[in-house]
Amino acid sequence: MVEWTEFERATIQDIFTNMNYDVVGPQSLARCLIVYPWTQRYFGKFGVLYNAAAIMGNPMIAAHGKVVLRGLEEAAKNMDNIKATYADLSVLHSEKLHVDPDNFRLLGDCLTVVVAAQLGAAFTPEAQAAFQKFLAVAISSLQRQYH
């Protein structure tokens, strides 16, 4: 079980409260697909993804980015039991979608970049440390079914 300090809990809640889901979700997923193009293989049904402009303008990518962010919001609401919160998602991504589990880390890295850009000076090193810890727990929980 992960131990969370009050500062970490408050910081994670604050980040999700101040996050613009319509910007952060789509930009994070699009960034991941652009920076790590091999991750595009899981989005073949999302249409043409041949360049950065096509990816950034793809409404299906934007919508799925918001879905991902809402999934992380669920983890933030259940910080004491993220593994159970993500049990079904872990099975879905491993057994049905066959997503490479390292892609969760890549997306988490892109999410951190976008959150930092959106929050600016409020995303202090201490806030980033709490956010990185949260993402590490969420990613580990998504990868749980793979082990």
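Check the range 121-141 and report whether any residue there is modelled with pLDDT under 85, over 18 Å from Asp14 (Cβ atoms) and hydroxyl-bearing (Ser, Thr, Tyr). The answer is yes; a qualifying residue exists. Residue check: Tyr50 meets all listed conditions (1) modelled with pLDDT of 95 or more; (2) outside any helix (DSSP H, G or I) but one, namely (1). Quick check: anything in the range 57-74 in a loop (DSSP other than H, G, I, E, B) and either of a type in the set (A, V, I, L, M) or closer than 23 Å to Phe123 by Cβ (or both)? No, there is no match, as no residue in the range 57-74 is in a loop (DSSP other than H, G, I, E, B) and either of a type in the set (A, V, I, L, M) or closer than 23 Å to Phe123 by Cβ (or both).
The set of residues from the range 66-103 being open to solvent by 40 Å² or more (accessible area, probe 1.4 Å), farther than 16 Å from Glu8 by Cα and modelled with pLDDT of 90 or more comprises Lys66, Val67, Val68, Arg70.
The values are calculated or read from the model by the stated rules, or taken from the named source; none is laboratory data. These numbers were taken from a predicted model, which means no experiment stands behind them. Cβ sites come from the backbone with ideal geometry, for glycine too, and all protein chains shown count toward neighbours. Heavy atoms of the whole protein, side chains included, go into the accessibility calculation; ligands, DNA and RNA do not. Shrake-Rupley method; radii C 1.70, N 1.55, O 1.52, S 1.80 Å.
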